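The values are calculated or read from the model by the stated rules, or taken from the named source; none is laboratory data. Remember, predicted model here, so these are calculated numbers, not experimental data. Here the Cβ is made from the backbone with ideal geometry for all residues, glycine too, and neighbour counts use every protein chain on show.
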Amino acid sequence: MDTLYFDLRDTRAIQRDRTEKISEAARILREGGLVAIPTETVYGLGANALDENAVARIFEVKGRPQDNPLILHLSGQQWLPRYCADIPPMAFALTRKFWPGPLTLVLKRRNNVPDRVTAGLDTVAVRCPNHPVALALIRELGLPIAAPSANLSGRPSCTTAREVLADMRGKIHGIVDGGPCAIGVESTILDLTGPQPRLLRPGGVPVEAIETLIGPIAIDRAVTAPLPKDERPKSPGMKYRHYAPRLPLTVFSGAPDATAREISRRMCPRTGIICFDEYKELFPYQEVRTIGPYSVPAEQARRLFSALRAFDESACTEIYAQCPDSRGLGLAVGNRLKRAAGFRVVESDTQRIILGLTGGTGAGKSTVLEIIEEMGGSVLDCDRVYHQLLDENEELRFELRRAFRTAFSIDGTLDRKKLGEEVFGKKDQRARLDRIVFRYLLPVLEQKIAAVSEGLCAVDAVNLLESGLDRLCDATIAVTAPMEVRVQRIMARDGISEAYARLRISAQKSDEYYRSKCDYELNNAADTRELFIKETRVFLRRLIDGLQEEKRYGAREKKKGRVIRE
Ligand code: AMP
Ligand code: MG
């Protein structure tokens, strides 16, 4: 098949020439052909969306899995009711602000949208592209254009017509060249069919801009992490490895200085490098593609896919890439990079993060600590430091002996259990003990925390808040659980009676207390331990990422309230 080439790069081309080329391309579409079209995001492989056969050919040509639905490209929001049902008012608020532009909405479909387009789902994805040529084509056709990105399935998207030719020459009827894409990454996909708006794919419209308009949105887990094998993706496209160059790619995330250092440490002579402009000089002997300054993610978005493709024709054997942070378009750029790498990501951060953990007995603090250790973090067990101190510090023992005589035997050995009983349920005695102990313990703990130079450290302290240690933490987390669950757990764990379990719990501060005083709460109400572990991992990952960014950029506001749970 000959692939016709329509050059529409020159926006000042004489009107007649433009009109002719556009009506020719529209004619091909009307007759069931495939035409690659320029949009502001990436090039699209277009077909008449209402023509089942033409749509089927898109899947064939791309080698795209049948269950990965397409986006309908409309000429404006006035077309929404033709193809979508039950449109919430929020959809119009969004289209008014962001259309034409890189925001795709997932809405309930109407029956005139072919099953092939939606892959049989009862929802349809729609957007209005912000490119004069694409818009002129849709208007000329008078119908929506169904278009995935104009690359072979699994490959980096195309941001120039030349790249489309490389993948599609001879396979489709035409290519319309509208110049390089202004945005360079695909649209942001927002699902409006659930109880809360949900981000399915970060893209050309930053999450922050959407949240400014409609408030907090849920971020699908698949956006930042690979899907666990047993999990069903909300958007079928999330299942597949995407955007991949021919060479194996490794992504380095973290502060740019740290990632550059880590890349230099690990690279071999034939490692290709994708880096920010500022770091080019660090790799004089490597093949390097820059993607723009570190602080300009919009430029990185524009240049990323071409950089990935450029290595296809190199003598390199692998690619290492610096990952931007997740602010603004950085979220989309990082998402594409990580997917292109099949989630081979090296965390290169050396920032220290101190998390304070507290909560009553039996709620699940130890489980959370185990997860932190598994993530490579260290744990400062304040209780253990306290016990060591009791054994070693003569002055402390002397003061305690004066205050709690009965807990000591005649030869001066301390009976810790007795000491516990002395203060159990007695407020003023408890306060007295704390006062003495904190005076000795706090300087030791403070010193230990100060000695943590990098990485993650969890401070495990029942008295985190009362001692003031919380002030040394980057974030405090209360681990809580429903009363009955805690009773059962400590009965089983410590082999004690139900009455005693209840007594122990009631002698402690309430969940409400911890909840109100800590920055975050991990409520262990999950049905199973596995589920709690799973949720906690996701929570901690997000929290740590957020804290690291805060540290890097000195952002003040805490990211409280972001929806984390499914
Ligand atoms: P592409 O056109 O290759 O950029 O892919 C379009 C993306 O939109 C894919 O990730 C699809 O899974 C997603 N998508 C399209 N329609 C729907 C839908 N009805 N529900 C959820 N995701 C969709
Ligand atoms: Mg694609």
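Yes/no matrix, rows are residues, columns are (1) among the hydroxyl-bearing types (Ser, Thr, Tyr); (2) closer than 21 Å to Arg344 by Cα:
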| residue | (1), (2) |
| --- | --- |
| Pro245 | no, yes |
| Thr250 | yes, yes |
| Asp257 | no, yes |
| Ala260 | no, yes |
| Ile263 | no, yes |
| Pro269 | no, yes |
| Pro284 | no, no |
| Pro293 | no, no |
| Ala298 | no, no |
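Pull up the range 241-252, narrow it to residues that are buried (at least 16 other Cβ atoms within 10 Å of the Cβ) and over 19 Å from Val288 (Cβ atoms), then point me to the one that is farthest from ligand 2 (Cβ to nearest atom). My answer is Ala244. Exactly one residue among Ala36, Ala91 is in contact with a helix residue (DSSP H, G or I) (Cβ under 9 Å, 6 or more places away or on another chain) and either without any contact (Cβ under 8 Å) to a residue 40 or more places away in the chain or surrounded by 23 or more Cβ atoms within 10 Å (Cβ to Cβ) (or both), and that residue is Ala36. Out of the range 124-140, which residues are more than 16 Å from ligand 2 (Cβ to nearest atom), crowded, with 22+ Cβ neighbours inside 10 Å, farther than 18 Å from Asp7 by Cα and in contact (Cβ under 8 Å) with a residue 60 or more places away in the chain? Once the filter is applied, which keeps residues that are more than 16 Å from ligand 2 (Cβ to nearest atom), crowded, with 22+ Cβ neighbours inside 10 Å, farther than 18 Å from Asp7 by Cα and in contact (Cβ under 8 Å) with a residue 60 or more places away in the chain, the range 124-140 yields nothing. Filtering the range 404-446 to residues that are farther than 22 Å from Gly468 by Cβ, aliphatic (A, V, I, L, M) and part of a helix (DSSP H, G or I) leaves Ala407, Leu419. When Asp167 is tested against (1) without any contact (Cβ under 8 Å) to a residue 60 or more places away in the chain; (2) under 25 Å from the mean Cα position of the chain (by Cα), exactly one condition is not met: (2). Taking the range 317-332 only, how many residues are out of contact with any Leu (no Cβ under 6 Å at 6 or more places or on another chain) and farther than 10 Å from Phe252 by Cα? Qualifying residue count for the region: 9. Across the range 490-529, the number of residues qualifying as of a type in the set (S, T, N, Q), in a helix (DSSP H, G or I) and within 37 Å of the chain's Cα centre (by Cα) comes to 1. Condition check: part of a loop (DSSP other than H, G, I, E, B), under 26 Å from Pro65 (Cβ atoms) and in contact with a strand residue (DSSP E or B) (Cβ under 8 Å, 6 or more places away or on another chain). Does Gly184 satisfy that? So Gly184 does not fit the description; no. Across the range 253-291, the number of residues qualifying as at pLDDT 95 or above and either part of a strand (DSSP E or B) or in contact with a Lys or Arg (Cβ under 6 Å, 6 or more places away or on another chain) (or both) comes to 9.
Would you point out the residue of the range 38-88, among those that are more than 17 Å from Leu190 (Cα to Cα) and among the polar types (S, T, N, Q), that is modelled with the lowest pLDDT? Selected residue: Gln66.
Residues in the range 307-329 that are in contact with a Gly (Cβ under 8 Å, 6 or more places away or on another chain) and polar (S, T, N, Q) were compared, and the one that is nearest to Glu347 (Cα to Cα) is Ser326.
Of everything in the range 287-310 that's of a type in the set (Lys, Arg) and under 24 Å from the mean Cα position of the chain (by Cα), which residue is farthest from Pro248 (Cα to Cα)? Walk me through it before giving the result.
Let us first name the residues in the range 287-310 that are of a type in the set (Lys, Arg), namely 289, 302-303, 309.
The next check asks that each one be under 24 Å from the mean Cα position of the chain (by Cα); those that pass are 302-303.
On the way: Arg302: 22, Arg303: 19 Å.
Filtering first and then ranking leaves Arg302.
Is it fair to say Val42 is closer than 16 Å to Val176 by Cα, more than 16 Å from ligand 2 (Cβ to nearest atom) and among the β-branched types (Val, Ile, Thr)?
Details: closer than 16 Å to Val176 by Cα: yes; more than 16 Å from ligand 2 (Cβ to nearest atom): no; among the β-branched types (Val, Ile, Thr): yes.
No, not satisfied.
Filtered by the rule that a residue be outside any loop (DSSP other than H, G, I, E, B) and β-branched (Val, Ile, Thr), the range 191-224 gives Val207, Ile210, Thr212, Ile214, Ile219, Val223.
Residue-by-condition table, conditions (1) more than 13 Å from ligand 2 (Cβ to nearest atom); (2) crowded, with 22+ Cβ neighbours inside 10 Å; (3) under 20 Å from Leu121 (Cα atoms):
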site: Arg162; (1), (2), (3): yes, no, no
site: Gly170; (1), (2), (3): yes, no, no
site: Ile183; (1), (2), (3): yes, yes, no
site: Thr188; (1), (2), (3): yes, yes, yes
site: Asp191; (1), (2), (3): yes, yes, yes
site: Pro197; (1), (2), (3): yes, yes, yes
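Gly174: closer than 30 Å to Met1 by Cα and without any contact (Cβ under 8 Å) to a residue 24 or more places away in the chain, yes or no?
Details: closer than 30 Å to Met1 by Cα: yes; without any contact (Cβ under 8 Å) to a residue 24 or more places away in the chain: no.
So Gly174 does not fit the description; no.
Here is a check on your reading of the model: is Asn151 within 14 Å of ligand 2 (Cβ to nearest atom), polar (S, T, N, Q), within 14 Å of Val42 (Cβ to Cβ) and assigned to a loop (DSSP other than H, G, I, E, B)? Reasoning before the result, please.
Details: within 14 Å of ligand 2 (Cβ to nearest atom): yes; polar (S, T, N, Q): yes; within 14 Å of Val42 (Cβ to Cβ): yes; assigned to a loop (DSSP other than H, G, I, E, B): yes.
Yes, satisfied.
Just a yes or no: is a residue in the range 268-278 within 30 Å of Arg221 (Cα to Cα), in contact (Cβ under 8 Å) with a residue 40 or more places away in the chain and polar (S, T, N, Q)? There is no residue in the range 268-278 that is within 30 Å of Arg221 (Cα to Cα), in contact (Cβ under 8 Å) with a residue 40 or more places away in the chain and polar (S, T, N, Q).
Listed by position, the helices (runs of 4 or more DSSP H) enclosed by the range 343-403 that each have at least 3 residues that are over 32 Å from the mean Cα position of the chain (by Cα) are 382-392, 394-403. Just one of the numbered conditions (1) more than 20 Å from Lys21 (Cβ to Cβ); (2) out of contact with any strand residue (DSSP E or B) (no Cβ under 8 Å at 6 or more places or on another chain); (3) in contact (Cβ under 8 Å) with a residue 60 or more places away in the chain; (4) not basic (Lys, Arg) is not true of Gly179: (1). Every condition in (1) more than 30 Å from Ile28 (Cβ to Cβ); (2) outside any loop (DSSP other than H, G, I, E, B) holds for Leu165 except the one numbered (1). So, of the residues in the range 113-145 that are within 12 Å of ligand 1 (Cβ to nearest atom) and assigned to a helix (DSSP H, G or I), which turns out to be nearest to Gln196 (Cα to Cα)? Selected residue: Thr118. The set of residues from the range 199-223 being in contact (Cβ under 8 Å) with a residue 40 or more places away in the chain and within 16 Å of ligand 2 (Cβ to nearest atom) comprises Leu200, Arg201, Pro202, Gly203, Gly204, Val223.
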